[in-house]
Amino acid sequence: MSLPPEPASSLQRALRLLRIVAAGDAAGMRLKDIASAAGCGQPSAHRALRDLMAEGFVEQVAGGKRYRPALDFFVLAARAGQSGGLRELARPALLRLSATLSDTVFLLVRNGYDAVCLDRIEGPFPIRSFTGDIGGKVPLGLGQGSLAMLAHLPEAERDAVIRFNMPRLLDRGFLDEAALRGALDRAREQGWVNLNTGLIPGMAGVAVPVCDADGRAVAALSVGTLLERLRDDRLANVVGILKAEAEALGARLNPFDMALRYPSRSLSAIAG
């Protein structure tokens, strides 16, 4: 005769809720949905969530109606992860790309409505870029790397970014929303972005997204070079080399890497 299962301890209940919140939507989960998924009442779920918040593992989204993992959760998970941080993982790829292509290569990540340069390997040709050096940022939609990321975001999220960033892009010389959406459609269709907009005379660039296990673009590998070095006879080979490195990098991503959610913290570590 088997014994009935013992009731879950408060620790077990808290850990179960933490797993549920971590697997939930990035915008957070409602208390009643968390309780339902955990198979417990809302008062019990609320007490466990309150304990997790006190320890820094869960936070309430602005307005207090939803819960999501907090920074300490990602710090702990990142330390336990087998793979290193994004910048550390990508550095060999950037070095290979720069040596193979003899061009300047960038690693970009998303930070809210912006794209941030997390790393850069200088090539032999003098160039100018939108992001500039490591730590530079531009609105998503400006430059090949940020276009590659924006194009591969979920539709609703992409539209929200476009609505917010369109005035900023117009101030930087972008034509209009129709031109931006056309560029994003082409980027999704072909899987890469090639830019020669004339915003930086004599410069051209090509970029591919780096996608996580869910197919979401979390970063981009980008090449900035002289216009004459990205003619059609060379472009296809550059794209192929970039795609191969991006796919290999995406397969090794640590989903808890702080650089994917808090790139400024990674940049602070570099500066220090």
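The values are calculated or read from the model by the stated rules, or taken from the named source; none is laboratory data. Fair warning: this is a prediction, and the values are worked out from it, not measured in the lab. A quick note on method: Cβ atoms are made from the backbone with ideal geometry, for glycine too, and the neighbour counts reach across all protein chains shown.
Suppose the filter is aromatic (F, W, Y) and assigned to a strand (DSSP E or B); does F125 pass it?
Answer is no for this residue.
Screening the stretch 156-186 for residues that are modelled with pLDDT under 90 and of a type in the set (D, E) and picking the one that is farthest from D212 (Cα to Cα) gives D171.
Across the stretch 14-39, the qualifying residues are those that are buried (at least 18 other Cβ atoms within 10 Å of the Cβ) and over 14 Å from V58 (Cα atoms), and the one among them that is modelled with the lowest pLDDT is A38.
Does at least one position in the stretch 40-50 carry a residue that is closer than 23 Å to P154 by Cα and either in a strand (DSSP E or B) or at pLDDT 80 or above (or both)?
no
Scanning the stretch 160-182 for residues that are outside any helix (DSSP H, G or I) and among the charged types (D, E, K, R) returns R172, D176. Take the conditions (1) surrounded by 13 or more Cβ atoms within 10 Å (Cβ to Cβ); (2) within 20 Å of the chain's Cα centre (by Cα); A156 misses just one of them, which is (1).
With the requirement that a residue be closer than 14 Å to E245 by Cα and part of a strand (DSSP E or B), what does the stretch 207-226 give you?
Selection gives A207, V208, P209, V210, C211, A219, A220, L221, S222, V223.
In the stretch 89-111 there is no residue matching the filter, namely being modelled with pLDDT under 85 and among the hydrophobic types (A, V, I, L, M, F, W, C). Under the condition of being surrounded by fewer than 13 Cβ atoms within 10 Å (Cβ to Cβ) and either over 20 Å from the mean Cα position of the chain (by Cα) or not assigned by TED's automatic domain parsing to the domain that holds G143 (or both), the residues counted in the stretch 161-174 number 3.
Among the residues of the stretch 213-241, none is identified as in contact with a strand residue (DSSP E or B) (Cβ under 6 Å, 6 or more places away or on another chain) and of a type in the set (D, E). Please determine, by comparing only the residues of the stretch 185-214 that are without any contact (Cβ under 8 Å) to a residue 40 or more places away in the chain and of a type in the set (G, A, S), which one is nearest to V116 (Cα to Cα). Going through the qualifying residues, I end up with A204.
One residue stands out among those in the stretch 138-147 that are touching a Gly at 6+ places or on another chain (Cβ under 9 Å) and outside any loop (DSSP other than H, G, I, E, B): the one that is surrounded by the most Cβ atoms within 10 Å (Cβ to Cβ), which is G145.
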